[in-house]
Amino acid sequence: MTDKSQQFASDNYSGICPEAWAAMEQANHGHERAYGDDQWTARASDHFRKLFETDCEVFFAFNGTAANSLALSSLCQSYHSVICSETAHVETDECGAPEFFSNGSKLLIAGTQNGKLTPESIREIALKRQDIHYPKPRVVTLTQATEVGSVYTPEEVRAISATCKELGLNLHMDGARFSNACAFLGCTPAELTWKAGVDVLCFGGTKNGMAVGEAILFFNHKLAEDFDYRCKQAGQLASKMRFLSAPWVGLLENDAWLKHARHANHCAQLLAQLVADIPGVELMFPVQANGVFLQLSEPAIAALTAKGWRFYTFIGKGGARFMCSWDTEEDRVRELAADIRTVMSA
């Protein structure tokens, strides 16, 4: 096993998909206007509006941390708070960036079911305290698909949105794996976002075949006011913006985004099926996107690592996460499953 072998630690390990690569190559011919005033950025924005069936505001950022943090900062004042799950990326993996860019908006942790917030858990946190000494709840952020691989259905999003409207909260969606959620549910992007009450979506491209780049879509135009200035101030206004936006044209114009998400999901389902009958292996969460969370023995985890496999083990003792990508090969999935069978029977 070499350093270039396909791994399952993260869908960030994969390379650039052919569609994104080809669009970048095309964008590399000749000169284009800078800072987003180019044909590629206009085309990508129009593709998003067509895909989501609405005239949304579209912005591009280099990575998910910036996209989420800037989007949340546009929804909050410094004395506000953001309700999120205990496993939310904004809480566990963004180094305080949401608080930094909002000048201090506090993250409030709500309970989850299979990694998903519920109207009841949101209501509990939002109404816990309403005195002036407590940061006023202003935003709810959902991760789609969640950090444990579960997905919110349109019905669940609508129920959460209704609670948000009742409580005067905006609704943000961290869609780092939004494509995988759409692929699993078989519903349209519009049905899963603004038609269900989402105000802002951060649509992930990096984990679905792009080199870099996330799109921030504001379905509520009022919330996008001066957002371009936030991007500039945060170092997210690319001078050669076409190289952030052109790959989106490649992904969106012929639904490559959905094809790649379906493939990654399929490989995750395949892995889950191949290890289902192995004694001692337990599925920790339902496989609904491109991640498989398995309970393994500690010796088995050590043995897999010794064999050269790369995967994350942050889901508690014996928990292991295996992520599939747009380019994951089925033979590689079968090889991993065979090694899991071997080390669990040792």
Inset, instruction - Can you confirm whether the range 45-54 contains a residue that is in contact (Cβ under 8 Å) with a residue 12 or more places away in the chain, farther than 21 Å from residue 201 by Cα and open to solvent by 70 Å² or more (accessible area, probe 1.4 Å)? - result: no
Legend entry - Those helices (runs of 4 or more DSSP H) lying entirely in the range 28-126 with at least 1 residues within 20 Å of the chain's Cα centre (by Cα): 39-52, 64-75, 89-92, 97-101
Inset, instruction - Residues being open to solvent by 50 Å² or more (accessible area, probe 1.4 Å), hydrophobic (A, V, I, L, M, F, W, C) and in a strand (DSSP E or B): count how many of those fall in the range 260-293. - result: 1
Inset, instruction - Filter the range 282-300 for residues that are among the aliphatic types (A, V, I, L, M) and touching a strand residue (DSSP E or B) at 6+ places or on another chain (Cβ under 6 Å) and give the result. - result: 284, 292, 294, 296
Inset, instruction - From the list 298, 329, pick out the single residue that is within 26 Å of the chain's Cα centre (by Cα) and charged (D, E, K, R). - result: 329
Inset, instruction - Quick one: residue 249 ticks every box in (1) surrounded by fewer than 21 Cβ atoms within 10 Å (Cβ to Cβ); (2) touching a helix residue (DSSP H, G or I) at 6+ places or on another chain (Cβ under 6 Å); (3) of a type in the set (A, V, I, L, M, F, W, C) except a single one, so which number is it? - result: (1)
Inset, instruction - Return only the number of the condition from (1) surrounded by fewer than 21 Cβ atoms within 10 Å (Cβ to Cβ); (2) under 24 Å from residue 98 (Cβ atoms) that residue 42 does not satisfy. - result: (2)
Legend entry - The one condition in (1) surrounded by fewer than 20 Cβ atoms within 10 Å (Cβ to Cβ); (2) out of contact with any strand residue (DSSP E or B) (no Cβ under 8 Å at 6 or more places or on another chain) that residue 257 fails to fulfil: (1)
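The values are calculated or read from the model by the stated rules, or taken from the named source; none is laboratory data. Values in this document were obtained by computation on a predicted structure and should not be read as measured data. In this analysis, Cβ positions are derived from the backbone assuming ideal geometry, glycine residues included, and neighbour counts consider all displayed protein chains. Ligands, DNA and RNA are excluded from the accessible area calculation, which covers all protein heavy atoms including side chains. Shrake-Rupley method; radii C 1.70, N 1.55, O 1.52, S 1.80 Å.
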